[in-house]
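Let me give you the structure first, and then I'll get to my questions.
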Amino acid sequence: MLRFDPVAPAAYGLTWPGPLFLAGQVPRMPRLAIIGSRAAHRRFTDCVPGLVRAAAETGYALVSGGAVGIDAAAHRAALDLGVAQVAVLPGPPDALYPPDHEPLFEAIVDGGGAVLCPHPPGTVTSRGMFASRNALVVQLSAAVVGVQAGARSGTRGTLRLALRAACRTAGIVGSPGVAWALGAGATSLGPPRPELVQACALAWLREEPTHRAWPAALSWIEQALSQRPAVTVDDFDDPLAAAVALVEAEAGGWVAEVAPGRYVRAG
C-alpha cells in the first residue's frame, strides 16, 4: 500500500487551495505531459512509446493522469524505459482512481516516481475533480502532447489550458480534439505513425524545426492556405478533387479538420 504525505503546492510551483498528497518523489523539470483518450485506438497507443523515448533522449520526465488508455500506455512505457514520472490522480489517496491501476501506481513509486492526489482522504470523487486534475497536469509540465482526443473531452480541455498558459503544446493528427489544438497553434507531430511521431517529437523537444515540406501534388492546397486561415471544398473550382486532396493532406499531417469540412494548416 502506498504511503501519502501532505505537501505544500507551492513547493512544486502549483496553485491549489489546500495541501496535496504525495507518494514518492516528483521528478525535476523539465517534464512532458502525454495525455489522450481513455478509449484509445491502437494506432495512437502505438505512438506512445516513441513519445516517451523522445522525452528520455531530451531529458524530460513524464507527467500523465493515471487513467486507462493513453495515460496508462505512457506510464507503462516510462516504467519500461526507466523514465522518471509522476501520475496526477483526480481524487483522494484513500480512493485511488481508477482502482484497477493500484498495481501500476505502486510500480511507479517503486520505480522512483510519484503519485499525486489533490484531495484529502475521505473526499468523494466527483466529475469536477477530473478537470482540476487536468489543470495540475499542465502546471506540472514544461510541454504537453495530445495523442488522441474527442471533440468534447477532458484531453481537449487540457490542451486548451496548456495553450492558454503558453505551455509548449503539440499533438498527433487524426482526432477532432487534437485537430482543434493544432488549429489553435499547437505543433503537429504528424499522423499516427510511430517512427514519424518519435522523430517529430524529438525535434520539437529539442526546439528544432518540425516542418515537413508539402508534396508537389498538394501544393495548390498549401497555396490556398497561405491566403486564408481555413478552407473548405467549396473554396476550390473542383470540390471533388479538393475533398480528395484535403483528406490526403490530413493523413500526411499537413492540415487538420477543426470542424466538419473545415481545414486549417496543422500547427
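Tell me, rounded to the nearest percent, the portion of alpha carbon pairs in the stretch 205-267 spaced more than 19 Å apart.
I get 25 percent for the Cα pairs in the stretch 205-267 exceeding 19 Å.
Collect residues whose amide H, placed 1.01 Å from N in the peptide plane, falls under 5 Å from the amide H of V7; neighbours closer than 5 in sequence don't count.
Counting only residues 5 or more places away or on other chains, the set is L20, F21, L22.
Please give the Cα centre distance for the stretch 101-180 versus the stretch 187-241, rounded to the nearest Å.
Each part's Cα centre sits 27 Å from the other's.
Now, a different point. Over the chain, give the accessible area per residue in Å² for a 1.4 Å probe, as an integer.
45
Add -39500 (n - 2.57) for each DSSP H run of 4 or more in the chain, then divide by its residues: what number comes out at 222 nm, to the nearest 500 deg cm²/dmol?
-11000 deg cm²/dmol
Round to a whole number: what % of the accessible area of the stretch 33-115 belongs to carbon and sulfur, probe 1.4 Å?
47
Sticking with this one: Per residue and in cubic angstrom, what volume does the convex hull of the Cα atoms of the stretch 104-201 have?
Per-residue hull volume (Cα only) is 127 Å³.
Additional query: Please give the peptides 127-139, 92-104, 68-80 ranked by average Cβ packing (other Cβ atoms within 10 Å per residue), highest first, as a rough proxy for protection.
In decreasing order of mean packing, 127-139, 92-104, 68-80 become 68-80, 127-139, 92-104.
Can you give the % of DSSP beta bridges in the chain that are antiparallel, to the nearest 5?
40
Counting only the backbone N, which residues of the stretch 80-109 are under 15 Å from the spot 7 Å out from the Cα of T123 toward its beta-carbon?
88-98
Ok, one more. Evaluate the relative contact order of the chain (contact order divided by residue number), counting alpha-carbon pairs under 8 angstrom at least 6 apart; express in whole percent.
Relative CO of the chain lands at 18 percent.
Could you give log10 I(q)/I(0) at q = 0.13, 0.17, 0.21 Å⁻¹ for the stretch 1-140, computed by the Debye formula over C-alpha point scatterers of equal weight, without solvent?
-0.49, -0.86, -1.33
Another question, if that's okay. Averaged across orientations, what area in nm² does the convex hull of the alpha carbons in the chain project?
The directionally averaged projection comes out at 13.7 nm².
Using θ = phi - 60° and the Karplus curve 6.51 cos²θ - 1.76 cosθ + 1.60, what whole-Hz ³J(HN,Hα) does each residue of the stretch 4-16 get, with Gly and Pro shown as x?
Here the 3J(HN,Hα) series is 10, 10, x, 9, 7, x, 4, 5, 10, x, 9, 9, 7 Hz.
Using Cα-Cα distances under 8 Å and only pairs 6 or more residues apart, what relative contact order does the stretch 168-207 have, in percent?
35
I've got another one for you. For the stretch 1-96, what relative contact order do you get, as a whole percent, if you take Cα pairs closer than 8 Å and at least 6 residues apart?
26
Heavy-atom accessible area of S226 with all protein chains present, probe 1.4 Å, nearest 10 Å²?
So the heavy atoms of S226 present about 80 Å² to solvent.
Can I ask one more? What's the percent breakdown of Cα-Cα distances in the stretch 130-267 across 10 Å bins, shortest bin first?
Calculated over all Cα pairs of the stretch 130-267, the distribution is 13, 43, 32, 11, 2 percent.
Working out 0.36 nm times the residue gap between E248 and A11, then minus their Cα-Cα distance, what length gain in nm do you get to one decimal?
Result: 80.6 nm gained on full extension.
From a point 7 Å beyond the Cα of R3 in the direction of its Cβ, which residues of the stretch 100-115 have a backbone N at a distance under 14 Å?
Residues 110 fall inside that zone.
The values are calculated or read from the model by the stated rules, or taken from the named source; none is laboratory data. The structure presented is a predicted model; accordingly, all values stated were derived computationally and were not measured. Virtual Cβ from ideal backbone geometry, glycine too; neighbours counted across all protein chains shown. With ligands, DNA and RNA removed, areas are computed over all heavy atoms of the protein, side chains included. Shrake-Rupley method; radii C 1.70, N 1.55, O 1.52, S 1.80 Å.
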